[in-house]
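Each remark here refers to the structure printed beneath this line.
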Amino acid sequence: MGEVLSQSEIDNLLAALSNGELDVDDMQDKGEKQVKDYDFKRPAKFSKEHLRTLEMLFEHYGRLISTNLPVYLRKNVQVSVASSETVTFSEFSNALSNPVILGIVDFSPLNGNIIIEMSSNLGFAMIDRMLGGQGLPLEKSRDFSEIEMIILQKLMVVCMQLLHDPWKNVIEIEPMLDRIETNAQFAQVIAPNDMIAIVSMNVKVGDVEGLMNICLPFFTLEDVMDKLNTKYWYSTLEKDNKVDYEEHIETLIKRLDVPIKAVLGRSQVSVNDFLNLQVGDIIRLDSKVDMDMNIYVGNIRKFTALPGSSKDKYAVRITSVIREEE
(Lines give C-alpha, C1' and ligand atoms only; values in the text may rest on other atoms or scores of the structure.)
Protein backbone atom coordinates (compact mmCIF):
# COMPACT_ATOMS: atom_id res chain seq x y z
CA MET A 1 0.00 0.00 0.00
CA GLY A 2 1.30 3.46 -0.96
CA GLU A 3 1.87 6.22 1.55
CA VAL A 4 -1.31 8.12 2.52
CA LEU A 5 -0.95 11.92 2.40
CA SER A 6 -2.53 14.20 4.95
CA GLN A 7 -4.72 17.12 3.89
CA SER A 8 -1.94 19.69 4.54
CA GLU A 9 0.50 17.67 2.39
CA ILE A 10 -2.04 17.53 -0.41
CA ASP A 11 -2.50 21.34 -0.22
CA ASN A 12 1.29 21.90 -0.31
CA LEU A 13 1.62 19.54 -3.32
CA LEU A 14 -1.11 21.37 -5.26
CA ALA A 15 0.48 24.70 -4.43
CA ALA A 16 3.90 23.48 -5.66
CA LEU A 17 2.36 22.30 -8.95
CA SER A 18 0.59 25.61 -9.52
CA ASN A 19 3.79 27.58 -8.81
CA GLY A 20 5.84 25.44 -11.17
CA GLU A 21 8.12 24.10 -8.44
CA LEU A 22 7.21 20.54 -9.47
CA ASP A 23 7.00 19.14 -13.00
CA VAL A 24 4.21 16.66 -13.77
CA ASP A 25 6.48 14.69 -16.14
CA ASP A 26 8.99 14.08 -13.36
CA MET A 27 6.27 12.63 -11.16
CA GLN A 28 5.04 10.12 -13.73
CA ASP A 29 6.01 6.46 -13.34
CA LYS A 30 8.83 5.74 -15.80
CA GLY A 31 8.15 1.98 -15.67
CA GLU A 32 11.34 1.12 -13.85
CA LYS A 33 11.41 -2.44 -12.52
CA GLN A 34 11.51 -2.86 -8.81
CA VAL A 35 14.65 -4.54 -7.52
CA LYS A 36 14.16 -7.42 -5.13
CA ASP A 37 16.86 -8.27 -2.66
CA TYR A 38 18.31 -11.77 -3.07
CA ASP A 39 19.80 -13.55 -0.11
CA PHE A 40 22.72 -15.61 -1.40
CA LYS A 41 22.94 -17.40 1.96
CA ARG A 42 19.40 -18.74 1.43
CA PRO A 43 19.05 -19.53 -2.28
CA ALA A 44 15.51 -20.42 -3.35
CA LYS A 45 16.25 -23.93 -4.61
CA PHE A 46 12.79 -25.32 -3.80
CA SER A 47 9.85 -23.68 -5.53
CA LYS A 48 6.27 -23.68 -4.28
CA GLU A 49 5.54 -26.30 -6.92
CA HIS A 50 8.23 -28.56 -5.49
CA LEU A 51 6.88 -28.16 -1.95
CA ARG A 52 3.32 -28.82 -3.06
CA THR A 53 4.38 -32.04 -4.81
CA LEU A 54 6.29 -33.16 -1.73
CA GLU A 55 3.19 -32.54 0.37
CA MET A 56 1.12 -34.71 -1.98
CA LEU A 57 3.78 -37.41 -1.84
CA PHE A 58 3.88 -37.46 1.95
CA GLU A 59 0.09 -37.38 2.21
CA HIS A 60 0.27 -40.79 0.55
CA TYR A 61 3.06 -41.73 2.97
CA GLY A 62 0.93 -40.63 5.93
CA ARG A 63 -1.93 -42.91 4.84
CA LEU A 64 0.47 -45.86 4.71
CA ILE A 65 1.74 -45.13 8.24
CA SER A 66 -1.86 -44.85 9.51
CA THR A 67 -2.55 -48.31 8.05
CA ASN A 68 0.65 -50.15 9.00
CA LEU A 69 1.73 -48.83 12.43
CA PRO A 70 -1.47 -49.97 14.22
CA VAL A 71 -0.44 -53.57 13.40
CA TYR A 72 2.56 -53.13 15.74
CA LEU A 73 1.12 -50.67 18.26
CA ARG A 74 -2.41 -52.14 18.43
CA LYS A 75 -3.70 -48.60 18.73
CA ASN A 76 -5.29 -46.13 16.35
CA VAL A 77 -2.75 -43.98 14.47
CA GLN A 78 -3.67 -40.81 12.56
CA VAL A 79 -1.15 -39.02 10.33
CA SER A 80 -1.63 -35.82 8.32
CA VAL A 81 0.69 -33.35 6.58
CA ALA A 82 0.88 -30.15 8.62
CA SER A 83 3.21 -27.92 6.56
CA SER A 84 6.25 -27.71 4.32
CA GLU A 85 9.03 -25.13 4.16
CA THR A 86 12.62 -24.57 3.09
CA VAL A 87 15.35 -23.68 5.58
CA THR A 88 19.07 -24.20 5.98
CA PHE A 89 20.17 -27.34 7.79
CA SER A 90 21.70 -25.27 10.59
CA GLU A 91 18.31 -23.68 11.31
CA PHE A 92 16.72 -27.12 11.42
CA SER A 93 19.37 -28.67 13.69
CA ASN A 94 19.51 -25.67 16.05
CA ALA A 95 15.77 -25.97 16.68
CA LEU A 96 16.09 -29.58 17.86
CA SER A 97 16.01 -30.45 21.54
CA ASN A 98 17.74 -33.31 23.32
CA PRO A 99 16.87 -36.11 23.46
CA VAL A 100 15.47 -36.36 19.96
CA ILE A 101 14.86 -39.26 17.59
CA LEU A 102 16.74 -38.80 14.31
CA GLY A 103 16.67 -41.62 11.77
CA ILE A 104 19.48 -41.24 9.20
CA VAL A 105 18.20 -42.91 6.02
CA ASP A 106 20.32 -43.76 2.98
CA PHE A 107 18.16 -42.67 0.03
CA SER A 108 19.79 -44.91 -2.57
CA PRO A 109 20.09 -44.61 -5.57
CA LEU A 110 19.96 -40.86 -4.89
CA ASN A 111 23.01 -39.22 -3.37
CA GLY A 112 23.21 -38.50 0.33
CA ASN A 113 20.80 -39.13 3.17
CA ILE A 114 17.48 -37.87 4.41
CA ILE A 115 16.53 -37.48 8.08
CA ILE A 116 13.32 -38.62 9.76
CA GLU A 117 12.88 -36.70 13.01
CA MET A 118 10.28 -37.81 15.54
CA SER A 119 9.40 -36.00 18.75
CA SER A 120 10.52 -37.79 21.91
CA ASN A 121 7.02 -37.92 23.43
CA LEU A 122 5.83 -39.97 20.44
CA GLY A 123 8.85 -42.25 20.81
CA PHE A 124 8.20 -42.95 24.50
CA ALA A 125 4.48 -43.48 23.83
CA MET A 126 5.25 -46.05 21.10
CA ILE A 127 7.79 -47.82 23.32
CA ASP A 128 5.28 -47.98 26.18
CA ARG A 129 2.69 -49.44 23.82
CA MET A 130 5.12 -52.02 22.38
CA LEU A 131 5.94 -53.18 25.93
CA GLY A 132 2.29 -53.69 26.81
CA GLY A 133 1.49 -50.32 28.38
CA GLN A 134 -1.28 -47.83 27.67
CA GLY A 135 0.88 -45.87 25.23
CA LEU A 136 1.53 -42.85 27.46
CA PRO A 137 4.59 -40.56 27.23
CA LEU A 138 6.90 -39.83 30.15
CA GLU A 139 6.14 -36.90 32.40
CA LYS A 140 9.81 -35.90 32.33
CA SER A 141 11.98 -36.51 29.28
CA ARG A 142 15.18 -38.56 29.62
CA ASP A 143 17.69 -40.42 27.45
CA PHE A 144 16.64 -43.66 25.78
CA SER A 145 17.98 -46.96 27.10
CA GLU A 146 19.59 -49.60 24.86
CA ILE A 147 16.46 -51.77 24.87
CA GLU A 148 14.30 -48.76 24.01
CA MET A 149 16.66 -47.89 21.16
CA ILE A 150 16.24 -51.39 19.70
CA ILE A 151 12.45 -50.99 19.78
CA LEU A 152 12.71 -47.55 18.20
CA GLN A 153 14.95 -48.94 15.49
CA LYS A 154 12.34 -51.56 14.62
CA LEU A 155 9.60 -48.92 14.37
CA MET A 156 11.84 -46.60 12.37
CA VAL A 157 12.63 -49.41 9.90
CA VAL A 158 8.89 -49.92 9.39
CA CYS A 159 8.38 -46.20 8.71
CA MET A 160 11.40 -46.13 6.40
CA GLN A 161 10.27 -49.11 4.29
CA LEU A 162 6.93 -47.40 3.67
CA LEU A 163 8.75 -44.65 1.73
CA HIS A 164 9.23 -46.90 -1.27
CA ASP A 165 5.64 -46.92 -2.53
CA PRO A 166 4.95 -43.12 -2.48
CA TRP A 167 8.26 -42.37 -4.24
CA LYS A 168 7.89 -44.95 -7.02
CA ASN A 169 6.12 -42.38 -9.22
CA VAL A 170 9.27 -40.25 -9.02
CA ILE A 171 12.07 -42.81 -8.74
CA GLU A 172 12.48 -46.38 -7.54
CA ILE A 173 14.29 -45.93 -4.24
CA GLU A 174 15.79 -48.51 -1.90
CA PRO A 175 15.87 -46.69 1.46
CA MET A 176 18.05 -48.18 4.19
CA LEU A 177 18.25 -47.06 7.81
CA ASP A 178 21.87 -46.10 8.49
CA ARG A 179 21.51 -45.35 12.21
CA ILE A 180 19.44 -43.59 14.84
CA GLU A 181 20.80 -40.61 16.76
CA THR A 182 19.30 -39.08 19.89
CA ASN A 183 21.64 -36.08 19.91
CA ALA A 184 21.44 -33.54 17.10
CA GLN A 185 25.20 -32.89 17.27
CA PHE A 186 25.91 -36.41 16.00
CA ALA A 187 23.60 -36.10 13.00
CA GLN A 188 25.59 -33.55 11.01
CA VAL A 189 25.30 -35.43 7.72
CA ILE A 190 24.45 -32.23 5.81
CA ALA A 191 26.47 -29.03 5.50
CA PRO A 192 25.05 -26.30 7.80
CA ASN A 193 24.39 -23.86 4.93
CA ASP A 194 22.79 -26.40 2.59
CA MET A 195 19.13 -25.81 1.80
CA ILE A 196 16.64 -28.48 2.83
CA ALA A 197 12.92 -29.01 2.43
CA ILE A 198 11.09 -29.97 5.62
CA VAL A 199 7.73 -31.71 5.46
CA SER A 200 6.08 -31.66 8.90
CA MET A 201 3.57 -34.41 9.64
CA ASN A 202 1.20 -34.44 12.58
CA VAL A 203 1.13 -37.92 14.15
CA LYS A 204 -1.45 -38.97 16.72
CA VAL A 205 -1.05 -42.33 18.51
CA GLY A 206 -4.15 -42.80 20.63
CA ASP A 207 -4.33 -39.61 22.70
CA VAL A 208 -0.64 -38.71 22.27
CA GLU A 209 0.14 -36.19 19.55
CA GLY A 210 3.48 -35.05 18.13
CA LEU A 211 5.35 -34.09 14.98
CA MET A 212 7.36 -36.15 12.54
CA ASN A 213 9.62 -34.01 10.34
CA ILE A 214 11.10 -35.32 7.09
CA CYS A 215 14.32 -33.46 6.20
CA LEU A 216 15.08 -33.60 2.44
CA PRO A 217 18.36 -31.98 1.32
CA PHE A 218 18.47 -30.29 -2.07
CA PHE A 219 21.62 -32.12 -3.21
CA THR A 220 19.84 -35.45 -2.52
CA LEU A 221 16.81 -34.53 -4.64
CA GLU A 222 18.72 -32.53 -7.26
CA ASP A 223 18.63 -35.33 -9.86
CA VAL A 224 14.84 -35.69 -9.65
CA MET A 225 13.81 -32.07 -9.16
CA ASP A 226 12.28 -31.97 -12.66
CA LYS A 227 9.92 -34.78 -11.64
CA LEU A 228 8.75 -32.99 -8.50
CA ASN A 229 5.91 -31.11 -10.16
CA THR A 230 2.18 -31.75 -10.16
CA LYS A 231 1.97 -32.19 -13.95
CA TYR A 232 4.44 -35.06 -13.92
CA TRP A 233 2.89 -36.43 -10.74
CA TYR A 234 -0.64 -36.63 -12.17
CA SER A 235 0.59 -38.08 -15.46
CA THR A 236 2.28 -40.97 -13.64
CA LEU A 237 -0.79 -41.53 -11.48
CA GLU A 238 -2.96 -41.87 -14.60
CA LYS A 239 -0.62 -44.52 -15.97
CA ASP A 240 -0.69 -46.44 -12.71
CA ASN A 241 -4.49 -46.35 -12.57
CA LYS A 242 -4.65 -48.30 -15.83
CA VAL A 243 -2.70 -51.21 -14.35
CA ASP A 244 -4.71 -54.29 -13.42
CA TYR A 245 -3.78 -55.14 -9.84
CA GLU A 246 -5.82 -58.35 -9.64
CA GLU A 247 -2.92 -60.60 -10.62
CA HIS A 248 -0.52 -58.72 -8.32
CA ILE A 249 -2.87 -59.02 -5.32
CA GLU A 250 -3.42 -62.71 -6.04
CA THR A 251 0.35 -63.27 -6.06
CA LEU A 252 0.72 -61.53 -2.69
CA ILE A 253 -2.09 -63.58 -1.15
CA LYS A 254 -0.54 -66.83 -2.35
CA ARG A 255 2.65 -66.03 -0.45
CA LEU A 256 0.89 -65.55 2.90
CA ASP A 257 1.64 -68.08 5.65
CA VAL A 258 -1.57 -69.22 7.37
CA PRO A 259 -1.48 -71.71 10.29
CA ILE A 260 -3.52 -74.89 9.72
CA LYS A 261 -4.33 -77.34 12.52
CA ALA A 262 -6.17 -80.65 12.63
CA VAL A 263 -8.09 -81.37 15.84
CA LEU A 264 -8.40 -85.11 16.61
CA GLY A 265 -10.75 -84.46 19.51
CA ARG A 266 -11.06 -82.84 22.90
CA SER A 267 -10.91 -84.12 26.48
CA GLN A 268 -10.93 -82.83 30.03
CA VAL A 269 -8.41 -84.09 32.59
CA SER A 270 -7.45 -82.92 36.04
CA VAL A 271 -4.24 -81.01 36.61
CA ASN A 272 -2.91 -83.92 38.69
CA ASP A 273 -3.55 -86.44 35.87
CA PHE A 274 -1.94 -84.08 33.37
CA LEU A 275 1.20 -83.73 35.52
CA ASN A 276 1.49 -87.51 35.91
CA LEU A 277 1.08 -88.41 32.24
CA GLN A 278 3.54 -91.05 31.07
CA VAL A 279 4.49 -92.57 27.72
CA GLY A 280 1.84 -95.12 26.77
CA ASP A 281 -1.03 -93.57 28.74
CA ILE A 282 -4.37 -93.34 26.95
CA ILE A 283 -6.52 -90.21 26.90
CA ARG A 284 -10.18 -90.70 26.01
CA LEU A 285 -11.37 -88.13 23.45
CA ASP A 286 -14.90 -86.99 22.63
CA SER A 287 -14.67 -88.35 19.07
CA LYS A 288 -14.69 -91.80 17.49
CA VAL A 289 -12.11 -93.35 15.20
CA ASP A 290 -14.38 -93.34 12.15
CA MET A 291 -15.61 -89.77 12.68
CA ASP A 292 -14.39 -86.84 10.59
CA MET A 293 -12.03 -84.46 12.36
CA ASN A 294 -12.17 -80.68 12.09
CA ILE A 295 -9.48 -78.74 10.18
CA TYR A 296 -8.94 -75.10 11.20
CA VAL A 297 -7.41 -72.42 8.98
CA GLY A 298 -6.26 -69.83 11.48
CA ASN A 299 -9.13 -69.87 13.98
CA ILE A 300 -11.84 -70.67 11.42
CA ARG A 301 -13.22 -74.20 10.96
CA LYS A 302 -12.86 -74.72 7.23
CA PHE A 303 -12.67 -78.46 6.40
CA THR A 304 -13.49 -81.92 7.73
CA ALA A 305 -11.04 -84.75 7.14
CA LEU A 306 -10.06 -88.30 8.02
CA PRO A 307 -6.69 -89.02 9.66
CA GLY A 308 -4.08 -91.18 7.98
CA SER A 309 -0.48 -91.22 6.84
CA SER A 310 1.55 -90.48 3.73
CA LYS A 311 5.16 -91.64 3.25
CA ASP A 312 5.72 -92.28 6.97
CA LYS A 313 4.22 -88.93 7.93
CA TYR A 314 0.92 -88.09 9.54
CA ALA A 315 -1.62 -86.72 7.06
CA VAL A 316 -5.32 -86.00 6.61
CA ARG A 317 -7.66 -86.52 3.67
CA ILE A 318 -10.19 -83.71 3.13
CA THR A 319 -13.74 -85.04 3.04
CA SER A 320 -15.75 -81.80 2.89
CA VAL A 321 -15.45 -78.01 2.74
CA ILE A 322 -17.35 -75.94 5.31
CA ARG A 323 -18.91 -72.89 3.66
CA GLU A 324 -19.41 -69.53 5.39
CA GLU A 325 -23.16 -70.04 5.66
CA GLU A 326 -22.58 -73.29 7.53
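Out of all the residues in the stretch 162-182, which are within 23 Å of MET225 (Cα to Cα) and either among the charged types (D, E, K, R) or surrounded by fewer than 15 Cβ atoms within 10 Å (Cβ to Cβ) (or both)?
HIS164, ASP165, LYS168, ILE171, GLU172, GLU174, MET176
Test PRO99 against the criterion of being in contact with a Phe, Trp or Tyr (Cβ under 8 Å, 6 or more places away or on another chain), not in a strand (DSSP E or B) and not hydrophobic (A, V, I, L, M, F, W, C), and give yes or no.
When the stated conditions are applied, PRO99 passes them.
Cβ-Cβ distance below 6 Å, separation of 6 or more or different chains: which pairs start in the stretch 252-271 with a residue that is more than 19 Å from ARG317 (Cα to Cα) and end on one that is in a helix (DSSP H, G or I)?
From residues that are more than 19 Å from ARG317 (Cα to Cα), there are no pairs.
Would you say ILE300 is out of contact with any Lys or Arg (no Cβ under 8 Å at 6 or more places or on another chain) and modelled with pLDDT of 85 or more?
yes
Among the numbered criteria (1) at pLDDT 85 or above; (2) within 21 Å of PRO109 (Cβ to Cβ), which single criterion is violated by ASP281?
(2)
Within the stretch 313-326, which residues are out of contact with any Leu (no Cβ under 7 Å at 6 or more places or on another chain) and either at pLDDT below 85 or surrounded by 10 or more Cβ atoms within 10 Å (Cβ to Cβ) (or both)?
ALA315, ILE318, SER320, VAL321, ILE322, ARG323, GLU324, GLU325, GLU326
Of the conditions (1) assigned to a helix (DSSP H, G or I); (2) closer than 20 Å to CYS215 by Cβ; (3) in contact (Cβ under 8 Å) with a residue 24 or more places away in the chain, VAL157 fails just one. Which one is it?
Only one criterion is unmet by VAL157, namely (3).
I'm trying to understand the selection: among the residues of the stretch 113-134, which are surrounded by fewer than 22 Cβ atoms within 10 Å (Cβ to Cβ), touching a strand residue (DSSP E or B) at 6+ places or on another chain (Cβ under 6 Å) and small (Gly, Ala, Ser)?
Once the filter is applied, which keeps residues that are surrounded by fewer than 22 Cβ atoms within 10 Å (Cβ to Cβ), touching a strand residue (DSSP E or B) at 6+ places or on another chain (Cβ under 6 Å) and small (Gly, Ala, Ser), the stretch 113-134 yields only SER119.
Looking at the stretch 275-307, which of the residues that are of a type in the set (Gly, Ala, Ser) and closer than 21 Å to PRO259 by Cβ is surrounded by the fewest Cβ atoms within 10 Å (Cβ to Cβ)?
Out of the qualifying residues, it is GLY298.
Against the condition surrounded by 15 or more Cβ atoms within 10 Å (Cβ to Cβ), at pLDDT below 90 and more than 17 Å from GLU59 (Cα to Cα), how does VAL224 come out, does it pass?
So VAL224 fails the test.
With respect to GLU85, determine if the residue is out of contact with any Pro (no Cβ under 7 Å at 6 or more places or on another chain), of a type in the set (D, E, K, R), surrounded by fewer than 21 Cβ atoms within 10 Å (Cβ to Cβ) and part of a helix (DSSP H, G or I).
So GLU85 does not fit the description; no.
Between a residue in the stretch 169-195 that is under 23 Å from ASP223 (Cβ atoms) and any residue that is of a type in the set (S, T, N, Q), which pairs come within a Cβ distance under 6 Å, given they are 6 or more apart or on different chains?
So the pair list comes out as ASN169/THR236; GLU174/SER108; VAL189/ASN113; PRO192/SER90; ASN193/THR88; MET195/THR86.
The values are calculated or read from the model by the stated rules, or taken from the named source; none is laboratory data. Just so it is clear, the structure is predicted and the values come from calculations on it, not from any experiment. Glycine also receives a Cβ, built like all others from the backbone with ideal geometry; neighbour counts cover every protein chain displayed.
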